[in-house]
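The values are calculated or read from the model by the stated rules, or taken from the named source; none is laboratory data. Treat the numbers as computed from the prediction; the structure is a model and nothing was measured. All Cβ positions, glycine included, derive from the backbone under ideal geometry; neighbour counts span all protein chains shown. Calculation scope for accessible area: heavy atoms of the full protein, side chains included, ligands and nucleic acids excluded. Shrake-Rupley method; radii C 1.70, N 1.55, O 1.52, S 1.80 Å.
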Amino acid sequence: MSRYKDQEITIYNSLSGKKEVFKPIHQGRVGMYVCGPTVYSNVHLGNVRTFISFDMIFRYFKHLGYKVRYVRNITDAGHLENDADVGEDKITKKARLEEIEPMEVVQRYTVDFHNTLNIFNLLPPSIEPTATGHIIEQIELINSIINNGFAYVVNGSVYFDVFKYNQTKNYGILSKRKLEDLIHNTRALDGQSEKKNPQDFALWKKAEPTHIMRWPSPWSDGFPGWHLECTSMSTKYLGNQFDIHGGGMDLKFPHHECEIAQSQAAKHISPVNYWMHANMLELNGQRMSKSTGNIINPAQLLSGNNNMMSKAYSPSVIRFFMMQASYRSILDLSNDGLLAAEKGCYKLMEAIETLKNLPVSNSTQGFDTASWVLNCYKAMNDDFNTPILIAELFSAVKFINQVKETNATVSATDLKTLSKTMHDFVFDVLGLANISKNNNSNKLADTVEVLIKLRAEARANKDFALSDKIRDELMQIGIQLKDGKEGTSFLVN
Ligand code: AMP
Ligand code: ZN
């Protein structure tokens, strides 16, 4: 259904610093690229927040009926320590420390990334390209930049000439930095002497003899620059100019600034119409970051195995907690915040259960369903304002609970609309899973039934060791099996 025809979305565009009406390049289609992780360690909850923010945006476009091509890459080479142009590759360093192959590092942490995002109910992107799978495209792109006079070769490495570029274009257009200020603030780093200017950045680096991840190129056996990888992968799948480019706020400079410069230098085109930047997750008032160690991993939060929180939290509660803030606001992770989110999330899920059994009559009293639906869309159309959406959902929760408590009624049409809209926004757009208490107890019952069946099978095969083990281990966790004439039932202590 192409609902998008009735909705006008405004997006805060970091390029203009304003909210702008979203007009896709091709009607009914959205091309969106989001910088993916550098797979050299387990993702922390800060990374997860950024990907959840763009998952929600992806989901809303899809809900409106847009055909979305969502490209989110995997950075598996070329990202050096401190995001610099000298130093060790992050993945190679990990491989060296763990005494394994770089591609084993890549595999391990790509799997962790996918598993983690699955737990938080993120939809897979339409395409997930790897940097190492696009070396040929990257070499072509560098050739165009050299041919247009915006890059130079030194000792087998290729650098982007920021000064030359800035004579005709604007290096700093996105981050609002001025090249003159950058010059004052940059120290000449050791090993950068082969660059004409410290502000220049690497498009291709010649590999040292010990550098394992290397590819042949016209300039040297080497590897691509991190910024260049994203330009190749985004434009390959979305075209030289596409609708949306996203990433965390910290990537605005230099990473995204350099992406603009590369596209302008190679193709004389501004690659992206809407630049979107998701804000940071903080812990104890400081940005969550791998480098400072101020992190909490999803597994620690989900298991309760940490010394920061009072208990374990479910993925939907954590997702709900994140959705209570705008993707553009800083969010501080705290136990109190998670406890409140847990309460809110259950209340929302219970209201959805209650909706199933509300008494129906000819009319609805005290709630204007039609304008409520409009307000839900209005919230999302305003730069994906999930906190306002959640406030709207809670005005419906209040009404639903009132109907239940006062034996009031709701019309059949309104009930249908309420139910559909709640499902659409809670499950499809916010991406929460149904964690109502009822629902979980159903799952418990279904799970115990599976075990009862396995036990019966074991008995039939005279495998009494296994059948007793199932009974005894269930007993240990407080679930008592009772064999009777009608079969086996269970009691939860
Ligand atoms: P990285 O693997 O470090 O390149 O980061 C992957 C993504 O996570 C990038 O888009 C970063 O901007 C984002 N990111 C890193 N730290 C945080 C944080 N504390 N909060 C939100 N996003 C973050
Ligand atoms: Zn990128």
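Quick one: grab the alpha carbon gyration tensor of region 296-382, order the square roots of its eigenvalues as a ≥ b ≥ c, and give me rounded if a/c is under 1.5, else prolate or oblate depending on whether a/b is larger than b/c. Since a/c reaches 1.5 but b/c is at least a/b, the shape of region 296-382 is classed as oblate. At most 13 other Cβ atoms within 10 Å and a DSSP loop assignment: could you name the trypsin sites (Lys or Arg not before Pro) in region 320-389 that fit? Passing both the DSSP loop test and the Cβ count: K356. Over 31 Å apart at the Cα level, from the set K67/K252; K94/K252; K19/K347; K169/K206; K196/K252, are K19/K347. Cut-off 20 Å, label point 7 angstrom out along Cα-to-Cβ of K178: give me the residues of region 228-256 whose amide nitrogen falls inside. Within reach of a label on K178: 253-254. Eigenvalues of the alpha-carbon gyration tensor of the chain, scaled by 5 and square-rooted, set the equivalent ellipsoid semi-axes at 48, 31, 19 angstrom, largest first. Residues whose amide H comes within less than 5 Å of that of W204, counting only those at least five positions distant or on another chain, are V158, G225 (H built at 1.01 Å from N in the peptide plane). When the surface is traced with a 1.4 Å probe over the full set of protein chains, D221 keeps roughly 80 Å² accessible. DSSP beta bridges fully contained in the chain are about 50 percent antiparallel. For the pair Q476 and I388, label points projected 7 Å from Cα toward Cβ lie 5.4 nm apart. Out of every Cα-Cα pair in region 403-479, what percent are more than 20 Å apart? It works out to 60 percent of all Cα pairs. For R214 and K169, a Förster radius of 22 Å and the Cβ-Cβ distance give a FRET efficiency of 0.10, rounded to the nearest 0.05. Around the amide H of F22, modelled in the peptide plane, lie the amide H atoms of I9, T10, I11, all under 5 Å away and 5 or more residues distant in sequence or on another chain. The HN-Hα couplings worked out from phi for region 2-11 by the Karplus form 6.51 cos²θ - 1.76 cosθ + 1.60 (θ = phi - 60°) are 8, 5, 4, 5, 9, 10, 10, 8, 10, 10 Hz, whole numbers, x standing for Gly and Pro.
Here the 3J(HN,Hα) profile of region 259-269, calculated from phi with Karplus coefficients 6.51, -1.76 and 1.60 at θ = phi - 60°, is 4, 4, 4, 5, 5, 5, 5, 7, 10, 6, 9 Hz, Gly and Pro shown as x. How high is the FRET efficiency between A408 and L339 when r is their beta carbon distance and R₀ equals 30 Å, given to the nearest 0.05? The formula returns an efficiency of 0.45 here. If R0 equals 22 Å, the separation of the Cβ atoms of Q286 and D83 corresponds to a calculated FRET efficiency of about 0.75. Taking a ≥ b ≥ c as the square roots of the Cα gyration tensor eigenvalues, region 29-116 comes out prolate, since a/c reaches at least 1.5 and a/b is larger than b/c.
The shape of region 3-278 comes out oblate: with a ≥ b ≥ c from the C-alpha gyration tensor, a/c is at least 1.5 while a/b does not beat b/c. The Kirkwood hydrodynamic radius of region 440-492, based on inverse pair distances between different Cα atoms, is 11.2 Å.
Packing, taken as the mean count of other beta carbons within 10 Å per residue, orders the peptides 305-316, 260-271, 5-16 from highest to lowest as 260-271, 5-16, 305-316. Principal axis analysis of the Cα atoms in region 344-429 yields extents of 37, 25, 19 Å, listed in decreasing size.
Converting phi to 3J(HN,Hα) with the Karplus coefficients 6.51, -1.76 and 1.60 and the offset θ = phi - 60°, region 13-26 yields 9, 4, 5, 9, x, 9, 7, 10, 5, 7, 10, x, 5, 10 Hz in sequence order, with x at every glycine or proline. Binning the C-alpha pair distances of region 238-322 at 10 Å intervals from 0 yields a P(r) profile of 15, 34, 22, 20, 9, 1 %, listed from the shortest bin outward. Averaged over residues, the count of other Cβ atoms within 10 Å places the peptides 409-415, 273-279 in the sequence 273-279, 409-415, highest first. In region 445-493, which GluC sites (Glu not before Pro) fall in coil by DSSP and have 15 or fewer other Cβ atoms within 10 Å? Loop-located and lightly packed - E486. Residues whose amide H comes within less than 5 Å of that of D161, counting only those at least five positions distant or on another chain, are A151, Y152 (H built at 1.01 Å from N in the peptide plane). For K453, the lysines whose Cα falls under 26 Å of its own Cα, not counting residues fewer than eight places away in the same chain, are K437, K443, K462, K469, K482, K485.
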